[in-house]
Amino acid sequence: MKRLFFPLLILLASLLSAGCATTSVGSTPKEKRLAIVAMRDDTLTELYRLHPEAKEKIAKAPGYAVFSNANVNLVLASFSGGYGVVTNNASGANTYMKMGEAGVGFGLGIKDFRAVFIFRDRPTLDRFVNSGWAFGAHADAAAKASDKGGALSGEVLLDGITIYQLTQSGLALQATLKGTKYWKDDELN
């Protein structure tokens, strides 16, 4: 078992490094913005299929955000990196953002997931875009490749935000306390 642990640890760390090259979805800022908007639209289509009530919640909200995340959990530590876009429903303006996350807790695995944040009021939306910090607890189980498998997850995040998480692929079992930082992408805004 020990012989498998260290190669697995190196593989997971390598996959995290690859996943943190987050906005390499195009070579120019315009291509990157288009790719992020396409990811947002695809994620919302999937969200509305799985949770039809979310469409009305988003329509009534002052704004929402969609992020693409890669997460690696290595026994007692968890790391994530990703990118996304916040949409202001009143103005239609997009703010492109990056995210990074670190946590402590028990778990092992790697997963690719999308997170949709629905802001319940304008001050929460503005605070998220301008300050972007969140702290929370997370527990989930995922075993998914393409359309095969399933995932269960729960997220606790306070401060007027409703969150949906959609696992794209991965294998993970984890329970962590984590800190997440969201910030504006200077290149894309």
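Counting 0.36 nm for each residue step from Asp159 to Leu34 and taking away their Cα separation leaves a gain of 42.0 nm. Going from the fewest other Cβ atoms within 10 Å to the most, the residues Leu188, Leu34, Leu50 appear in the order Leu50, Leu34, Leu188.
Since every read-out is calculated from the coordinates, none of them should be taken as a lab result. Model, not experiment: these values are computed from the prediction. So basically every Cβ, Gly included, is an ideal-geometry build from the backbone, and we count neighbours across all protein chains shown.
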